[in-house]
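What follows is one structure encoded as structure tokens, with my remarks underneath.
What follows is calculated from the coordinates using simple rules that are stated; it is not laboratory data. The model shown is predicted, which means the values in this text are computed figures rather than measured ones. Here the Cβ positions follow ideal geometry from the backbone for every residue, glycine too, while neighbour counts run over all protein chains shown.
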Amino acid sequence: MAEAAAPPGGRGRPPRLAGILAPLAVFAVLVALMEGLKRAGVLPVTVPAPSEIAAAFGRAHGDLFYHMAPTVLSAAAGFVLATLVALALAALAVGWRPAERPVMTLAIVIDSIPLIALTPILMVWVGNGLPARIIIGTIAALFPLLVGTVQGLKAVDRNVSELFHILAATRWQRLRKLAFPTALPFLFAALKIAAPLSVLGALLAEWVSADRGLGIMMIYALFSFDVPLTWLTILAVCVVATLAYGLVALAEKLVLGERATSIVGGR
Amino acid sequence: MSEIVIDRVGKAFEIDGKSVPALVDVSLRFEAGGFYALIGPSGCGKSTLLRLIADILAPTDGVITIGGQPPGVARRQHEIGFVFQEASLLPWRSVIDNIELPLEIAGGPVGDRPRPESLVRLVGLSGFENAKPAQLSGGMQQRVSIARALALRPKVLLLDEPFGALDEITRQRMNLELLRIWQETGTTAVLVTHTIGEAVFMADAVHVLAARPGRLVDTIEVDLPRPRRLALMQTPEFNRLENRVRAALFGDELAETADG
Ligand SMILES: Nc1ncnc2c1ncn2[C@@H]1O[C@H](COP(=O)(O)OP(=O)(O)O)[C@@H](O)[C@H]1O
Ligand SMILES: [Mg+2]
């Protein structure tokens with residue numbers, strides 16, 4: 001017992017103020033720069049000054065939040081649905097050898113269809129209501145989730161896999177106690193990519209047809225040549241997508257703890 | 001606690017559609033409660049032999065029995081403990097949860113199984129119950145994996161170069177502890193090693209294998225008293241046995257260099 005080892009217990013990093021202030025400063029400088037350039041007349045008419053976007057927010061924030069709600073709803077529902085479908089398909093592909101090729105091929109085919117073409121076809125089929133928007137949000141996020149989960153489920157250590165065999169573990173025990181925990185870091189990496197994709201998918205569906213949503217608000221603003229309002233909706237989409245990413249990253253920290261940062265390297 | 005009988009066992013692997021023999025005509029008997037060492041150059045089939053005993057692989061020829069039953073029966077009754085060269089722990093589980101894994105999987109009544117807490121003590125990791133594997137040194141990780149292998153009180157303990165990655169000093173210490181644990185549990189132990197001194201120090205008999213194809217070339221009975229102490233390694237008796245293993249391993253090669 002003479003071997004040296006770190007005592008058990010985590011070592012948390014204190015939150016650094018600089019880590020928050022630095023990006024904020026960069027952002028402020030960029031905004032100021034854009035404002036200056038616009039006033040100097042360097043920027044084209046299609047690019048508004050930040051102050052104009054702020055003014056648009058002042059006059060239209062009621063509309064903005066009214067349209068944001070359904071976008072967030074269909075993106076979130078699509079995201080959750082995509083996660084469930086990806087988990088089920090990945091478990092099938094990894095748990096049953098003959099299924100892997102068909103499942104992955106189908107996923108690649110679906111992913112290679114341009115969503116902008118698929119959306120109108122789908123709407124003819126299931127109508128242009130919330131279900132269609134959720135389905136598009138699902139399809140947009142599905143592929144990276146499936147690839148990530150399959151890769152994660154297969155990342156099981158060979159020795160540990162043999163150990164489960166020696167212990168005569170059931171399929172279910174192997175999935176729950178070995179494959180799924182092994183896949184979690186991969187799954188979270190995929191979720192971080194997929195969350196903004198769901199938002200984009202929902203937005204796309206609203207462009208094609210919707211009576212409410214950031215997508216349709218963006219189209220209206222565009223067609224009425226309201227440049228600041230258009231930019232406001234773009235900004236709102238960015239904020240929603242970034243928040244979605246941030247929520248997943250937060251969940252990752254909570255679920256994985258110290259494992260969150262070590263997807264690559266080490267064993 | 002179970003006798004292992006290996007009767008004219010052969011194992012061939014399919015490589016590029018061709019059958020390549022990894023083990024040929026191996027016959028061995030490991031008596032119940034004994035400690036045996038397998039030694040040989042890398043690639044001679046030591047791991048393959050252990051994996052055949054553990055029912056991870058099936059032999060191409062011959063028969064293996066554990067306590068008179070096929071290895072599959074012993075495996076499903078959780079009578080086999082296995083320690084890999086790498087600790088192979090689940091990184092998301094704490095020390096105690098890693099040791100508890102076999103109990104979780106086997107389920108059923110605890111019966112006379114050792115409690116995980118006492119296993120932690122047995123392998124000398126008290127105070128580290130809640131540490132994660134990444135927080136432990138290599139030697140400590142391997143202790144956890146030994147405790148895990150013992151969790152179901154196996155009748156057979158198979159160890160595949162368990163201390164191969166450790167430094168000499170740590171390895172000696174781990175070997176002494178392994179002997180103590182083996183004596184306390186009374187399990188039948190088979191240790192794969194590529195260190196001659198380790199094989200002689202630990203075992204009741206050292207089985208020497210050769211490569212291409214993997215086969216048994218000699219068995220050296222070790223009639224040294226137990227419990228074994230480190231001082232034993234400095235005795236002429238010990239050196240004589242080491243030399244016999246060395247002779248079996250190197251054969252004619254050894255004679256040539258002695259002459260030249
Ligand atoms: N799963 C496998 N498929 C094909 N060949 C294998 C497999 N496992 C082992 N072998 C071959 O069998 C021989 C013995 O391997 P192994 O038992 O690992 O040797 P050792 O443990 O003594 O170093 C080697 O030539 C190795 O390449
Ligand atoms: Mg080996």
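Structure summary
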{"item": "Area projected by the alpha carbon convex hull of the protein assembly as shown, averaged over all directions, nm²", "result": "34.9"}
{"item": "Cβ-defined net charge surrounding residue B:52, 13 Å radius [Lys, Arg +1; Asp, Glu -1]", "result": "0"}
{"item": "From phi via Karplus (6.51, -1.76, 1.60), per-residue ³J(HN,Hα) for the range B:96-105 in Hz, x at Gly/Pro", "result": "5, 6, 5, 5, 7, 3, x, 5, 4, 6"}
{"item": "Of A:154/B:132; A:154/A:177; A:192/A:253, those spanning more than 19 Å from alpha-carbon to alpha-carbon", "result": "A:154/B:132"}
{"item": "Nearest 10 degrees, 0 to 90: helix B:138-150 Cα axis against chain B principal axis", "result": "80"}
{"item": "Neighbour-count order for A:199, A:26, fewest beta carbons within 10 angstrom listed first", "result": "A:26, A:199"}
{"item": "Cα-based equivalent ellipsoid of the range B:88-153: semi-axis lengths in Å, sorted from largest, via gyration tensor", "result": "19, 12, 9"}
{"item": "Shape category assigned to chain B from the gyration tensor of Cα positions, a/c cut at 1.5", "result": "oblate"}
{"item": "Computed [θ] at 222 nm, helices only, for chain A once each DSSP H run of length n ≥ 4 contributes -39500 (n - 2.57)", "result": "-26500 deg cm²/dmol"}
{"item": "Reachable aspartates and glutamates, given that their alpha-carbon falls under 12 Å from the alpha-carbon of residue B:46 and they are not under 8 places away in the same chain", "result": "B:160, B:161"}
{"item": "Span-rule helices in chain A, defined as complete DSSP H runs reaching 20 Å or more along the axis (Cα) with Kyte mean at least 0.5", "result": "A:17-39, A:50-95, A:130-154, A:180-208, A:227-256"}
{"item": "Area projected by the alpha carbon convex hull of chain A, averaged over all directions, nm²", "result": "20.1"}
